[in-house]
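Asks: Dumping the structure here so I can ask a few things about it.
Any read-out appearing in this document is the output of simple, stated calculations on the displayed coordinates, not a laboratory observation. This is a predicted model, so every value here is computed, not measured. So basically every Cβ, Gly included, is an ideal-geometry build from the backbone, and we count neighbours across all protein chains shown.
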Amino acid sequence: MAENEMRYLQAEDLEITHMPDGWVIYQQHTDRVHFLNPTAALVFELCNGQHTRAEMAAILYEAYQLAAPAADEVETCISNLLAEGLVVPCSSSRSEP
Amino acid sequence: MFVIPIRTLTREFRLHTDCRQAARVLAYIETRPKICGTALEPVDLLVQRLGEFYRLALPGSGTVEGTAFHLLDTMHRVVFTSFIEEVPGAPLIHAASVRVGGVPVLLVGAKGSGKTTLALHLMERGHVVEGDEHVAVRETDLVPRPRTLRVKASSSRFAPALARRIRRAPSIADGNGSLIYAVSPAVGGKPWRIAAMRAPCVVFLEPNHGGHTVAKPVSVDRAFNRLLGRCLLPVAKAPAAARLRRVAREAQAWEMSLGDLEGAERHLTAIAAAAKSVH
């Protein structure tokens, strides 16, 4: 599957606590704590198997009333989330629970 | 009969013994600050002599037998466990807790970073010291762990005016045979009180032996990162980490390269004054 069609899911071993300035995430298998700022938290929240990177960029564009879709920011954010194991790629769109 | 009180946030353990030798060893764990805002539940524990050994009746049920030093180790565990139970879900920051001009300041650092040395200096200079080991981050506030300062014999030179009183404090020998004193913060002349605090200044210490002391402010993200590196997290880690994030957001956080102690006091006074003006 082409990368631009790829969707993502949040990893399963995460404990999440919402804060006024972002999300605190504890990852059990690495015993690490991560902090996501509000923008990264929104991208993370969109990793529900429903959205491609382009769709996420469009949602951020709407949410923050940006001048243009935030494609680069979403690329960087998804790359970081993948590198940290907080999200995993999934091949096709999944319906929300 | 000798009675050795050991206070936690909600309890006062009282070790009762008629043996002077045991009392002298167990005095190392004596802890009697004023615990603000709480009536302490008394827990009386009897230490009996068994020939060359002792028997300690533990809280609840059970006993432990051994040398006075073995009983001391056991009581350290009992008291620390009690403290953990009293602050459910709280991460423990490895920090000394002091009040500079009335402003709470946490001196956060690893073993050997100078927390106790700086606390001693501040105590000698008339500032209030509460502890030098842990500070618990509760749901809405923070509270120091009631425990005496553990001062190496060689460290008393950093507080020469208090040296005589430090050397009168209960002591045990470490693995190298050097004495470690259990020093009540009250030896500085101010009452030893354990009180909750909100939005303390947080100062991360790095040793700079023989140099000048330098301090610089740090961002919320860096403060959070450093707090995570200097704490014990309970089982529920995400909400505990969130409490640390709250501390980082509410605090004025600084990094201090700790060299000369006079310089450190000057920086802390300025940091506390700035925090007071903000609040």
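Asks: Go ahead and collect, in residue order, the members of region B:189-223 whose backbone nitrogen is under 18 Å from a label point 7 Å along the Cα-Cβ direction of B:ALA274.
Replies: Residues B:199-206, B:213-223 fall inside that zone.
Asks: Let me ask you something else. Nearest 10 degrees is fine. How inclined is helix B:220-229 to the longest principal axis of chain B, computing both from alpha carbons?
Replies: 20 degrees
Asks: Post the alpha-carbon centroid distance, region A:18-76 to region B:234-249, in whole angstrom.
Replies: So the separation of the two Cα centres works out to 21 Å.
Asks: Less than 10 Å Cβ to Cβ from B:PHE2, Lys/Arg counted +1 and Asp/Glu -1: what total charge do the surrounding residues give? Provide the component values of the computation, followed by the final result.
Replies: Details: positive: B:ARG20, B:ARG24; negative: B:ASP18.
Residues close to B:PHE2 contribute a combined charge of +1.
Asks: Based solely on its DSSP helices, what 222 nm [θ] is calculated for chain B when runs of n ≥ 4 H residues each add -39,500 (n - 2.57) and the sum is averaged over all residues, nearest 500 deg cm²/dmol?
Replies: Numbers: 7 runs with 83 residues, N = 279.
That calculation yields -9000 deg cm²/dmol at 222 nm.
Asks: Among the GluC sites (Glu not before Pro) in region B:35-136, which ones are in a DSSP loop with at most 13 other Cβ atoms within 10 Å of the Cβ? Mind listing them?
Replies: Values: sites: B:GLU52, B:GLU65, B:GLU85, B:GLU86, B:GLU124, B:GLU130, B:GLU133; in loops: B:GLU52, B:GLU133.
Counting only loop positions with at most 13 other Cβ atoms within 10 Å, the GluC sites (Glu not before Pro) in region B:35-136 are B:GLU52.
Asks: Related question: Report the net charge of residues surrounding B:VAL105, where surrounding means a beta-carbon distance below 12 angstrom and charges are Lys +1, Arg +1, Asp -1, Glu -1. Intermediate results must be reported in sequence, preceding the final value.
Replies: Values: positive: B:ARG99, B:LYS115, B:LYS276; negative: B:GLU130, B:GLU265.
Local charge sum for B:VAL105: +1.
Asks: By count of other Cβ within 10 Å, fewest leading, how are B:ILE180, B:ILE172 ordered? Walk me through the numbers before you get to the answer.
Replies: Working: B:ILE180 17, B:ILE172 14.
The order, fewest Cβ neighbours first, is B:ILE172, B:ILE180.
Asks: Let me ask something else about it. Give, as a single signed number, the net charge of other residues whose beta carbon lies under 12 Å from the beta carbon of B:PHE224, with Lys and Arg counted +1 and Asp and Glu -1. Walk me through the numbers before you get to the answer.
Replies: On the way: positive: B:ARG222, B:ARG226, B:ARG230, B:ARG243, B:ARG245, B:ARG246, B:ARG249; negative: A:ASP21, B:ASP221, B:GLU250.
In short, +4.
Asks: Extension gain B:ALA173-B:LYS190, at 0.36 nm per residue separation less the Cα-Cα distance, in nm? Working shown, then result.
Replies: Numbers: separation 17, 0.36 × 17 = 6.12 nm, distance 2.76 nm.
Extending this stretch completely gives an extra 3.4 nm.
Asks: Right, something else. Could you give the nm distance between label points at B:LYS111 and B:LEU232, where each point is 7 Å from its Cα heading toward the beta carbon?
Replies: 1.3 nm
Asks: Now for a separate question. What distance in nm lies between label points placed 7 Å from Cα along the C-beta direction at A:ALA2 and A:GLU45?
Replies: Output for this residue pair reads 3.0 nm.
Asks: Something else about it: Be a star and scan region A:13-30 for residues whose amide nitrogen sits under 12 Å from the point 7 Å along the Cα-to-Cβ vector of A:VAL88.
Replies: Counting only backbone N, you get A:13-14.
Asks: Against the longest principal axis of chain B, how steep is helix B:68-86, in degrees 0 to 90 to the nearest 10, with axes from Cα atoms?
Replies: Tilt relative to chain B: about 50 degrees.
Asks: Determine the gain in length on full extension of the stretch B:LEU40-B:ARG164; use 0.36 nm per residue of separation and subtract their C-alpha separation, reporting nm with one decimal. Please report the intermediate quantities before stating the final value.
Replies: On the way: separation 124, 0.36 × 124 = 44.64 nm, distance 3.17 nm.
Length gained between B:LEU40 and B:ARG164: 41.5 nm.
Asks: Viscosity 0.692 mPa s, temperature 37 °C: Stokes-Einstein D of chain B from its Kirkwood Cα radius, in µm² per second? Intermediate values should be presented prior to the final figure.
Replies: Numbers: Rh = 19.5 Å.
In µm²/s, the coefficient is 169.
Asks: State the antiparallel share, in %, of DSSP beta bridges confined to chain B, rounding to the nearest 5.
Replies: Values: 43 of 63 bridges.
Counting DSSP beta bridges with both partners in chain B, the antiparallel share is about 70 percent.
Asks: Sticking with this structure for a sec: For region B:232-244, in order, what is each residue's ³J(HN,Hα) by Karplus, 6.51 cos²θ - 1.76 cosθ + 1.60 with θ = phi - 60°, in whole Hz (x at glycine and Pro)?
Replies: So the J values, rounded to whole Hz, are 9, 9, x, 4, 7, 7, 5, x, 5, 4, 5, 5, 5.
Asks: Sticking with this one: By how many nm would the segment from B:ARG138 to B:HIS16 lengthen if fully extended, with 0.36 nm per residue of separation less the alpha-carbon distance?
Replies: Details: separation 122, 0.36 × 122 = 43.92 nm, distance 3.23 nm.
Between B:ARG138 and B:HIS16, full extension yields 40.7 nm more.
Asks: Test of the criteria: in region B:154-215, which trypsin sites (Lys or Arg not before Pro) are in a DSSP loop and have at most 16 other Cβ atoms within 10 angstrom of their Cβ?
Replies: Values: sites: B:ARG157, B:ARG164, B:ARG165, B:ARG167, B:ARG168, B:ARG193, B:ARG198; in loops: B:ARG168, B:ARG198.
Answer by residue number: B:ARG168, B:ARG198.
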